[in-house]
Amino acid sequence: MAATYELHGDVAVITLANPPVNGLGYDTRRDFAAGIDRAMTDAAVKAVVITGGGRAFSGGADIKEFGSPRSIAEPNLLSLIRQLEGCTKPVVAAINGTCMGGGLELALGAHYRVALAGVDIALPEVKIGLVPGAGGTQRLPRVLGVETALNLIVRGEPVKSEVLAGVPGQKLFDQIATEDVVGAAIALGRAKAAEHAAGKPLPLVRDLKVRHPNPDAYFQFARNMVKGMSKNFPAPARCVDAVEASVKRRFDDGMTCEREIFFALMQTPECKALRHAFFGERAASKIPDVPEDTPQRRVERVAVIGAGTMGGGISMNFLNAGIPVTILETKQEALDRGVATIRKNYEAQVRKGKLKQDRYEQRMALLKTTLSYDDIKDADMVIEAVFEEMGVKEKVFRTLDDVMKPGAILATNTSTLDVDRIAAFTKRPQDVIGTHFFSPANVMKLLEVVRGAKTAKDVLATVMALGKKIRKTAVVSGVCDGFIGNRMIEQYSRQAGFLLEEGCTPAQVDKAIEKWGMAMGPFRMGDLAGNDIGWAIRKRRYVEKPGMRYSKTADLLCEMGRYGQKTGAGWYDYVPGRRDAIPSTVVVEMIEKHRAELGITPRQVSDEEIVHRLVYALVNEAAKILEEGIASKASDIDMVYLTGYGFPLHRGGPMCYADQQGLFNVVQRMKQFAANPHDDAAFWQPAPLLARLAAEGRTFT
């Protein structure tokens, strides 16, 4: 049973039982409705309590059914709410835990509500590009007031029950319980049954009046605020429209307005992109050949090799999660600098009010430092974060193989090097895995988990679970040069270089792609990361892949010593103490001179061409990555780019964007690029997977 039925004397208790969050899937709705019918037809039952099993009341829609016919099959959520409102006996919602989305809308259909203190309350639909679709925009203003309700709906963030209970004049909760919320609801149900036995009508949220002293001015103000905060997303502004309807229209008309807005938003590309990202993040943890019940290794102590920028940032992730960390370095000065940086980062959070002083002290108490490998031999997991050179990695892993205890996980933070080769430096390749953190490691959400040919399944399962514990979006990649993200970004950067040769300036390219939505254009990104890093990779490519062509402009830039922000000059000029990218006449002159030497006549390049050459370069390389099995699904690639490379969320990731453009159209555009004499015609031959999907009228996702 997805909803259980129990009698507590003369009170029926119906419990949602669809773990982990009691999603309102078809089976749950069916069993819940049957329970309500049973209670209404039993003369011995005087009141009904509805609650959730486990730690949640209900998280709303069952994501396993989202978009399927079962998600709207009768009884749907609107029908359940109407059923509650039509009950002739008091119905009390005992909100025992998380109550979000459709779960909150269901509770608003009850006659009374008792909430446990400390539980999260939210209508988060805006986060997937929608408005609440089962009366949330119409009922919540009636119990919390217009302004509080609109803030909750537009932000989509959870608020604690006791905070909402403190809103003046609120009618959301009839009681806040500190313990045994079901018992409190049963007692309230009995008391209300006695009251209503005399004929007093049962209260309905829909019958409450909703008013605002100056609605026109308030809703215009709200629209202006929302417009400035969410320019790429239509849902927040439509939330304002729906809540305004609760004030200016009769309840049933407001419900009609809400449903019209809901279904209109469902068809927008932004909503589709947000839903794709929502499901993609959850799907990233699902690995085809690693069952969810795979046993995991215990990780209670972590060691990090290297106290530099990456090592310190990686360490902070584990300290934040309450996991003790020991940092190893070769010199005391390096350790001191690393610890000082960690302290500086935490102290900045304390000053901004983001971290309490006692929590800061607790985290620092978990940190130890050492100059000896002997002090980390009992760690459950060690992460190497040393210089990106195979010889350095070899020395570290041979030492780790000698000193670490059996069963310890040996992880490398390499961003491009061969994890299988690194694993071969040990006698335990099954324990070796790549954990590619992105800089700054204590901030960036992405963690590329690189699975070697011999990486054990329990190691992979453990690291994926650990990624979740340290609040990362962990995505599995196979072994190849650059893994998923950096392998794709290389092609993106190559196209940016060719655009310079054909007539663009760095500022023009960056402006076009940033206007389209990327957080940072390729040239500003190069200056931030360090242009010398790309230079080193190209030098390796010239030896390993002599047939691969690059624009020489980036090499010429580095030969001028313009490595980026760290040298005060790169593609742009920089003023000390600031990071503003100032277009450089020196760089433009260098590009023009190189272009002339190549005999290229500059041409006007449209913003559309700039965007599509950069983005479709990502797409074509990603299709090869998928076909090679480096990534197991297209959504994994999108999650890499959404969480690690500043790809605009409202576009859904490169694969989602290509799907929305139509793969046939993508291939046709690539054929035009291949005809460009100054581009790389061989690269623009569609990857076999892309060509096949386009020919069959299919999509990546």
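Hey, among Val210, Val240, Val247, Val205, which residue is at pLDDT below 95 and in contact with a helix residue (DSSP H, G or I) (Cβ under 9 Å, 6 or more places away or on another chain)?
Going through Val210, Val240, Val247, Val205 in turn, the sole match is Val210.
Of the conditions (1) under 17 Å from Ala465 (Cα atoms); (2) in contact (Cβ under 8 Å) with a residue 12 or more places away in the chain; (3) open to solvent by 40 Å² or more (accessible area, probe 1.4 Å); (4) touching a Ser or Thr at 6+ places or on another chain (Cβ under 9 Å), Thr341 clears all except one; give me its number.
It is condition (1) that Thr341 fails.
For the range 230-283, give me each residue that is of a type in the set (Lys, Arg) and within 18 Å of Pro124 (Cα to Cα).
Arg238, Arg259, Lys272, Arg275, Arg282
Within the range 360-373, is there a residue that is within 27 Å of Lys454 (Cα to Cα) and touching a residue at least 24 places away in the same chain (Cβ under 8 Å)?
There is at least one residue in the range 360-373 that is within 27 Å of Lys454 (Cα to Cα) and touching a residue at least 24 places away in the same chain (Cβ under 8 Å).
Would you check if Leu618 is open to solvent by 20 Å² or more (accessible area, probe 1.4 Å), out of contact with any His (no Cβ under 7 Å at 6 or more places or on another chain) and under 24 Å from Asp680 (Cα atoms)?
no
Tally the residues that are assigned to a loop (DSSP other than H, G, I, E, B) and in contact with a strand residue (DSSP E or B) (Cβ under 8 Å, 6 or more places away or on another chain), restricting the search to the range 505-555.
Total meeting the criteria: 2.
Give the residues of the range 362-386 that are out of contact with any Leu (no Cβ under 6 Å at 6 or more places or on another chain), open to solvent by less than 70 Å² (accessible area, probe 1.4 Å) and farther than 24 Å from Thr462 by Cβ, sorted by residue number.
Met364, Ser372
So which of Thr416, Thr426 ends up being part of a loop (DSSP other than H, G, I, E, B), at pLDDT 95 or above and either open to solvent by 10 Å² or more (accessible area, probe 1.4 Å) or on the phi > 0 side of the Ramachandran plot (or both)?
Of Thr416, Thr426, the one residue that is part of a loop (DSSP other than H, G, I, E, B), at pLDDT 95 or above and either open to solvent by 10 Å² or more (accessible area, probe 1.4 Å) or on the phi > 0 side of the Ramachandran plot (or both) is Thr426.
Tell me whether the range 584-597 contains one or more residues that are assigned to a helix (DSSP H, G or I), open to solvent by 20 Å² or more (accessible area, probe 1.4 Å), touching a helix residue (DSSP H, G or I) at 6+ places or on another chain (Cβ under 8 Å) and free of Cβ contacts under 8 Å to residues at least 60 places away in the same chain.
Checked against the condition, which is being assigned to a helix (DSSP H, G or I), open to solvent by 20 Å² or more (accessible area, probe 1.4 Å), touching a helix residue (DSSP H, G or I) at 6+ places or on another chain (Cβ under 8 Å) and free of Cβ contacts under 8 Å to residues at least 60 places away in the same chain, the range 584-597 yields at least one hit.
Applying the selection to the range 652-677, what residues are part of a loop (DSSP other than H, G, I, E, B), of a type outside the set (A, V, I, L, M, F, W, C) and open to solvent by 70 Å² or more (accessible area, probe 1.4 Å)?
Within the range 652-677, Pro677 is the sole residue that qualifies.
Quick check on Lys227: is it within 35 Å of the chain's Cα centre (by Cα) and open to solvent by 50 Å² or more (accessible area, probe 1.4 Å)?
The answer is yes for Lys227.
For the list (1) within 29 Å of Val575 (Cβ to Cβ); (2) open to solvent by 20 Å² or more (accessible area, probe 1.4 Å); (3) of a type in the set (D, E, K, R), I need the number of the one condition that Glu490 fails.
(1)
Just need a number here: residues in the range 19-67 that are open to solvent by 30 Å² or more (accessible area, probe 1.4 Å), over 16 Å from Ala94 (Cα atoms) and assigned to a loop (DSSP other than H, G, I, E, B).
Adding up the residues that qualify gives 9.
Table: residues versus (1) crowded, with 16+ Cβ neighbours inside 10 Å; (2) out of contact with any Ser or Thr (no Cβ under 8 Å at 6 or more places or on another chain).
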| position | (1), (2) |
| --- | --- |
| Phe251 | yes, yes |
| Lys272 | yes, yes |
| Glu281 | yes, no |
| Pro288 | no, no |
| Val299 | yes, no |
| Gly312 | yes, no |
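Conditions first: (1) open to solvent by less than 60 Å² (accessible area, probe 1.4 Å); (2) closer than 29 Å to Ala461 by Cα; (3) free of Cβ contacts under 8 Å to residues at least 40 places away in the same chain. Tyr346 passes all but one, so which condition is the exception?
Here Tyr346 meets the rest and fails (2).
So, Ala12, is that one surrounded by 24 or more Cβ atoms within 10 Å (Cβ to Cβ) and not in a helix (DSSP H, G or I) or not?
When the stated conditions are applied, Ala12 passes them.
Quick check on the range 678-694: of everything there that is of a type in the set (A, V, I, L, M, F, W, C) and not in a helix (DSSP H, G or I), which residue is farthest from Glu502 (Cα to Cα)?
Residue satisfying both the conditions and the ranking: Ala687.
With the structure loaded, tell me whether Ala695 is at pLDDT 95 or above, small (Gly, Ala, Ser) and farther than 18 Å from Lys633 by Cα or whether it fails that test.
The answer is yes for Ala695.
Tell me the residue from Leu319, Leu265 that is part of a helix (DSSP H, G or I) and within 21 Å of Ala408 (Cβ to Cβ), please.
Leu319
Would you confirm whether any residue within the range 98-121 is farther than 26 Å from Glu157 by Cβ and free of Cβ contacts under 8 Å to residues at least 12 places away in the same chain?
Within the range 98-121, none of the residues are farther than 26 Å from Glu157 by Cβ and free of Cβ contacts under 8 Å to residues at least 12 places away in the same chain.
Anything in the range 349-361 that is assigned to a helix (DSSP H, G or I) and open to solvent by 100 Å² or more (accessible area, probe 1.4 Å)? List them, or say none.
Of everything in the range 349-361, those that are assigned to a helix (DSSP H, G or I) and open to solvent by 100 Å² or more (accessible area, probe 1.4 Å) turn out to be Arg351, Arg359, Glu361.
The values are calculated or read from the model by the stated rules, or taken from the named source; none is laboratory data. This one's a predicted model, so the numbers in the text were calculated from it and none came from an experiment. Counting neighbours? That spans all protein chains shown, and the Cβs are built from the backbone with ideal geometry, glycine included. What goes into the accessible areas is simple: the full protein's heavy atoms, side chains included, and nothing from ligands, DNA or RNA. Shrake-Rupley method; radii C 1.70, N 1.55, O 1.52, S 1.80 Å.
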